[in-house]
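Let me begin by presenting the structure, written as structure tokens, before commenting on it.
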Amino acid sequence: MKLETFRTLEAVLHSGTFAGAAKQANVTPSAVSMQMKQLELYMGKPLFDRSGLQARPNRLAHEVADTLRQALHDLEALRAGHSVAVQGVVRLGVIESLQATVLPGMIRFLRERHPRLELRLARGRSASLTAAVQAGDVDAALVAQPPKGGSARLRWTPMLRRELVLLAPPAAKENSVAALFRQYDWIRYDRQTVTGTLANQYVGTHIRQIRGTLEFDSAPAIAALISAGLGISVLQTPDAAMLQTYPMRVVKLGRAAPVLTLSLATRKVDDDNRLVDAVRHAMQAALASYQRQFAVSG
């Protein structure tokens, strides 16, 4: 089995589609499909669910990638004549809503694989953390990537995609999105954010009748208002802890649902920075593990 096949698998997992992986690897989608079929033959088990319009990686696909990710990284280091040991400091920014999701798994991964690598964490919103990466104040940041792709001066590595949903009071009886907007005030999430922009575009395009509106920049505050029956909002799917604290109805928006891309932003000059690369791999492993756990619990 060629090592390039495992790199292609990584590209499929990161981009979400064979076409996206083909673009990253500069090959055709059919070449990606052929490599994945060869890998499935090698494993003796399917790695993708092909029942829908697009092949979707299953749990085994993530496990294969997790198993080989660090080995491939270390092989590249040896091939370049570098020591495998990674040590130093990386300044990492993570938006508030993802810290609990990504940091435990990341830190566990780094302690096991790179105990001499030290993380110095920064907190903030996507816009401020992105600016901090551009200015060199942090080395990398996990942020919401702007819908048009983000600054061309940065390298954007997609890490997680989250579909926006409609959150409604637990006692709401309405079954359609339009009916919920007619019944309740719309509580906007800050329109200066990527999430707020996507939600505003969706509502402007698909909802004809809107009651009064409020606007806040705190997801927990909005959740508290919704749970109390004071409005509805279009936000990321809340985690189990949020729903336990603030019971809400989660209503899917269907095929037109906006999708938020959460990416690791780094400077292009750091493409060969082994410290930043180690953090990138740790984040990918942590989020892959989180998604598997979420899929099982969900």
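The values are calculated or read from the model by the stated rules, or taken from the named source; none is laboratory data. On a predicted model such as this, the values are computed, not experimentally measured, just so you know. Note that we place each Cβ from the backbone using ideal geometry, even for glycine, and neighbour counts take in every protein chain shown.
Overview of values
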| item | result |
| --- | --- |
| Any hit, the range 228-246, residues being aromatic (Phe, Trp, Tyr) and part of a loop (DSSP other than H, G, I, E, B) | yes |
| So residue 257, is it under 19 Å from residue 107 (Cβ atoms) and touching a residue at least 60 places away in the same chain (Cβ under 8 Å) | no |
| Residue 44 vs. criteria loosely packed, with under 14 Cβ neighbours inside 10 Å, modelled with pLDDT under 85 and over 27 Å from residue 110 (Cβ atoms) | no |
| Subset tally (residues that are at pLDDT 90 or above, of a type in the set (A, V, I, L, M, F, W, C) and loosely packed, with under 14 Cβ neighbours inside 10 Å) for the range 122-177 | 2 |
| Boolean, residue 233 is touching a strand residue (DSSP E or B) at 6+ places or on another chain (Cβ under 6 Å), at pLDDT 95 or above, closer than 17 Å to residue 165 by Cβ and not aromatic (Phe, Trp, Tyr) | yes |
| Criterion (modelled with pLDDT under 95 and in a loop (DSSP other than H, G, I, E, B)) met by exactly one of 182, 191 | 191 |
| Residues of the range 96-105 satisfying the condition of being closer than 14 Å to residue 122 by Cβ and surrounded by fewer than 20 Cβ atoms within 10 Å (Cβ to Cβ) | 96, 99, 103 |
| Flag if residue 15 is of a type in the set (Ser, Thr, Tyr) and either closer than 20 Å to residue 163 by Cβ or in contact (Cβ under 8 Å) with a residue 60 or more places away in the chain (or both) | yes |
| Elements of type strands (runs of 3 or more DSSP E) contained in the range 60-165, each with 3 or more residues being farther than 19 Å from residue 272 by Cβ, charged (D, E, K, R) and more than 14 Å from the chain's Cα centre (by Cα) | 117-124 |
| Residue list for the range 194-229, restricted to those being in contact (Cβ under 8 Å) with a residue 60 or more places away in the chain and either of a type in the set (A, V, I, L, M, F, W, C) or buried (at least 17 other Cβ atoms within 10 Å of the Cβ) (or both) | 194, 195, 198, 219 |
